[in-house]
Amino acid sequence: MPILLEGILEGKRFQREIKKLGLRKHDIKETYVANGKTLIFLKDESLCKVYPELIPDQETVKEITTVHRYVEKFKYLIDLERIAEIEVQENEIRRLSGRERELLGRAILDLKGTKAGTKFHLHLVRFWREKPIETEISTGDVVLVSKGNPLKSDLLATVVKITEKTITVAFDNRPPNWVYKKGVRIDLYVNDVTFKRMEENLEEVRHAVGRQRELRNVILGLKNPPKATAVPFEAVDKRLNETQRLAVSMALGSRDFYLIHGPPGTGKTSTITELIVQLVKRGKKVLATADSNIAADNILLNLSKYSDLKLVRIGHPARVLEELERYSIFALYEEHEKSKKVKEGWEKVKELIEKRDKFTKPTPQFRRGMSDEEIVYFGRKGKSFRGVPKKVMKSMAQWILANYEIDVRIKALKEMEAHILREIIENADVVISTNSMARSELLLDFHFDVAVIDEGSQQVEPSTLIPIMKADQFYIAGDHKQLPPTVASEDAKELEKTLFEKLIEQHQHLSTMLEVQYRMNEKIMESPNREFYDGKLKAADQVKNHTLADFKLSKPAKFEAILDPSLPIGFIDTSEINAYEFQPEGSTSYENFEEAKVAVEIALELHKMGLDRHDIGIITPYAAQVKLIKQLLLEKEFKVEVNSVDGFQGREKEVIIVSFVRSNDFGEIGFLKDLRRLNVAITRPRRKLIAIGNRKTLSSHDTYKRFIEYIENNGKVIGLS
């Protein structure tokens with residue numbers, strides 16, 4: 001039996017309050033804090049009876065203990081993950097040479113910088129080298145810039161643009177001169193700000209009030225959400241299919257939340273775009289977010305087709321795609337009619353600073369313990385004091401008076417800037433940002449009618465909670481049958497289970513699965529359809545029979561059976577050759593030389609047949625295999641995109657070559673057992689899927705066995721000898 005005290009009691013205040021009640025520290029068994037109150041469980045329950053007016057009802061006890069445990073659990077997991085991510089990055093930088101890290105796509109070496117001007121408040125530097133740049137580093141990523149040992153540098157920047165031989169980054173402050181010399185290195189790095197914002201938001205979750213408290217309690221299972229009812233609407237996008245329309249209709253008729261389950265290629269983004277447009281038509285102010293900048297820009301790109309929508313993209317200007325810059329809050333600020341006056345004000349401040357700096361600054365050696373008021377007084381009177389000459393005293397007084405004016409003007413200008421930015425956000429129909437940026441200073445005091453969240457199955461729960469805590473209602477789009485968010489800490493693996501997945505398991509009736517896919521040939525689609533989507537997916541007419549034969553390619557000179565352009569699926573079995581997996585020393589990853597060689601040969605042959613190299617992708621579950629395949633391609637002086645399965649999620653190519661890597665006599669397939677990895681791998685191609693693997697090893701798992709048998713019955717399986 002507990003007692004309930006008003007307020008968040010911590011530290012000395014907690015000690016004072018329990019002392020008032022005649023309690024001591026050792027009387028307390030457990031303490032829970034939530035809803036702005038403190039719940040105390042006492043070791044001796046009879047003590048509670050002394051304070052009958054402080055004994056809460058069971059519903060309150062359940063809510064406070066549930067919320068407290070939830071928040072504390074996620075704060076702990078986030079902290080573990082933050083430490084693990086930093087350690088993984090730093091250990092990899094220590095363990096691997098710069099060249100090895102570059103092959104993995106996480107570093108770029110031998111660069112030289114040149115000034116690329118300024119944009120908004122940022123200093124741009126364009127780094128260049130003669131050798132083409134191949135990297136996983138992308139626009140919006142935080143990078144560590146160094147010369148020599150990266151771990152001895154603390155110079156961070158944000159990637160603005162990448163071309164074949166250049167990478168442009170933005171620094172918040174003027175960078176040091178060494179960035180303009182040869183031998184600069186850029187490494188992908190961890191952004192700590194996101195973790196801090198998640199932790200801060202969890203405290204909001206803990207003490208949520210009003211509508212946010214209701215939504216929180218629904219998420220925690222303390223309250224049941226009502227059913228959704230279909231709301232008729234006139235679609236703006238006439239191309240929407242029946243299940244897309246149903247998803248929008250049901251979402252519009254939900255009270256608390258609704259989930260849009262979008263399997264690969266089913267037009268999830270088109271569906272949430274329609275939903276946002278319909279919400280705006282109903283007078284709702286919408287916050288649209290995703291975990292990554294690329295996904296947030298994808299939402300903006302789709303919404304930008306509707307010229308009557310007022311859109312604003314919140315975020316670091318360097319993280320917004322160039323073609324979408326006009327929607328950036330900073331670009332809209334510069335176009336605002338009042339910003340010209342602010343610019344003039346800053347020019348005046350600049351002039352005043354130059355004027356002020358002609359006078360003597362009252363540093364401690366000149367000040368000699370005098371206050372500003374004393375210096376101004378003696379300066380005006382033309383007197384010396386404490387051995388400071390009259391002339392110096394007068395000059396210091398003028399510096400102080402000029403500095404007062406500068407401070408007053410700067411404060412007024414910052415208030416004007418904040419007012420303009422606030423006005424831009426207030427006038428917008430839709431505010432687009434990453435989940436993390438929804439908690440930035442710009443949006444801190446804003447509240448929205450609705451939050452629409454994309455990438456729901458690829459973001460940890462505390463990230464999804466950020467936009468939810470800023471709205472009265474939320475919608476999440478995702479696919480829990482694909483890969484979960486990447487979690488570096490083994491002790492924080494619980495973070496892999498997303499809020500989208502939890503809610504769809506608990507409230508299936510508040511979700512709609514999109515059923516028509518617009519990417520894959522029907523034969524590529526059917527195996528994952530049976531395994532992961534209960535056979536509900538249908539291929540759209542325009543894609544169901546498309547193959548490489550549509551491209552009028554020449555005949556293959558080798559691997560003829562597999563590379564037949566009219567054949568959508570094929571499997572190359574390596575079980576009869578010496579194609580064993582290998583684990584590099586000091587690595588937890590695996591590689592397979594024979595599979596890598598075959599993957600490269602097939603990619604080269606497809607290119608010789610006339611297929612554009614940009615239409616070919618090689619993917620594999622293991623980072624060591626990614627590195628090996630890239631090395632082999634370098635030797636052949638041939639370039640196609642190579643990436644891990646995780647890195648290819650959300651992407652597509654005309655042809656995908658998958659190297660499964662695992663090949664042993666024990667049927668061990670490691671993390672391939674996470675079948676979501678298989679689902680992502682085999683749903684990336686549009687017209688052709690070629691899988692390479694040891695049939696015997698893979699067939700130790702029933703799902704892989706069925707996958708290979710499906711290809712045998714509907715495509716072609718060949719064995720290498």
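Quick notes on this one:
- Taking the range 502-530 as the range and being open to solvent by less than 80 Å² (accessible area, probe 1.4 Å), in a helix (DSSP H, G or I) and more than 22 Å from Tyr704 (Cβ to Cβ) as the test, the residues that pass are Lys502, Leu503, Ile504, Leu510.
- Filter result (open to solvent by less than 30 Å² (accessible area, probe 1.4 Å) and either in a helix (DSSP H, G or I) or of a type outside the set (A, V, I, L, M) (or both)) within the range 210-244: Gln212, Leu215, Arg216, Asn217, Val218, Ile219, Pro225, Asp237, Asn241, Thr243, Gln244
- Residues satisfying the stated conditions in the range 245-255, i.e. touching a strand residue (DSSP E or B) at 6+ places or on another chain (Cβ under 8 Å) and either assigned to a strand (DSSP E or B) or under 19 Å from Glu455 (Cα atoms) (or both): Ala247, Ala251
- Where a residue in the range 162-175 is within 12 Å of Gly113 (Cβ to Cβ) and assigned to a loop (DSSP other than H, G, I, E, B) and its partner, wherever it lies, is open to solvent by 60 Å² or more (accessible area, probe 1.4 Å) and at pLDDT below 95, with Cβ under 8 Å and at least six apart: none
- Those strands (runs of 3 or more DSSP E) of the range 631-721 in which at least 1 residues are among the small types (Gly, Ala, Ser), in contact (Cβ under 8 Å) with a residue 40 or more places away in the chain and surrounded by 15 or more Cβ atoms within 10 Å (Cβ to Cβ), considering only elements entirely within it, cover 653-659, 685-693.
- Strands (runs of 3 or more DSSP E) fully within the range 88-149 counting 3 or more residues that are within 20 Å of Glu635 (Cα to Cα) and touching a residue at least 60 places away in the same chain (Cβ under 8 Å): 107-119
- Residue in the range 345-356 that is buried (at least 18 other Cβ atoms within 10 Å of the Cβ), out of contact with any Lys or Arg (no Cβ under 8 Å at 6 or more places or on another chain) and under 22 Å from Lys119 (Cα atoms) present: no
- Taking the listed residues Ala549, Ala596, the one that is touching a Leu at 6+ places or on another chain (Cβ under 7 Å), among the hydrophobic types (A, V, I, L, M, F, W, C) and in a helix (DSSP H, G or I) is Ala596, with no other qualifying.
- If you go through the range 6-22 and keep only what is under 21 Å from Thr60 (Cβ atoms) and surrounded by fewer than 18 Cβ atoms within 10 Å (Cβ to Cβ), you end up with Glu6, Gly7, Ile8, Glu10, Glu17, Leu21.
- For the range 531-576, a residue qualifies if it is open to solvent by 80 Å² or more (accessible area, probe 1.4 Å) and either hydroxyl-bearing (Ser, Thr, Tyr) or without any contact (Cβ under 8 Å) to a residue 12 or more places away in the chain (or both), and the qualifying residues are Asp534, Asp541, Glu560.
- Residue count, the range 136-166 (criterion: in contact with a Leu (Cβ under 7 Å, 6 or more places away or on another chain) and farther than 28 Å from Glu81 by Cα): 0
- Within the range 435-470, being open to solvent by less than 10 Å² (accessible area, probe 1.4 Å), more than 20 Å from Lys502 (Cα to Cα) and either hydroxyl-bearing (Ser, Thr, Tyr) or touching an Asp or Glu at 6+ places or on another chain (Cβ under 8 Å) (or both) holds for Ser440, Phe448, Val450.
- Within the range 51-68, considering residues that are free of Cβ contacts under 8 Å to residues at least 24 places away in the same chain and farther than 16 Å from Glu6 by Cα, the one surrounded by the fewest Cβ atoms within 10 Å (Cβ to Cβ): Gln58
- Of all residues in the range 599-622, those satisfying the criterion of being assigned to a helix (DSSP H, G or I) and open to solvent by 40 Å² or more (accessible area, probe 1.4 Å) are Glu601, His607, Lys608, Arg613, His614, Asp615.
- Asp564 vs. criteria at pLDDT 95 or above, in contact with a strand residue (DSSP E or B) (Cβ under 9 Å, 6 or more places away or on another chain), farther than 24 Å from Asp665 by Cα and assigned to a loop (DSSP other than H, G, I, E, B): yes
- For the range 288-337, a tally of residues being β-branched (Val, Ile, Thr) and either open to solvent by 60 Å² or more (accessible area, probe 1.4 Å) or part of a helix (DSSP H, G or I) (or both) returns 3.
- Scanning the range 371-397 for residues that are closer than 30 Å to Leu413 by Cβ and hydrophobic (A, V, I, L, M, F, W, C) yields a count of 4.
The values are calculated or read from the model by the stated rules, or taken from the named source; none is laboratory data. Note that this is a predicted model, so its numbers are computed, not measured. Cβ: placed from backbone, ideal geometry, glycine included. Neighbour counts: every protein chain shown. Areas reflect the complete protein model, heavy atoms only, side chains present, ligands, DNA and RNA absent. Shrake-Rupley method; radii C 1.70, N 1.55, O 1.52, S 1.80 Å.
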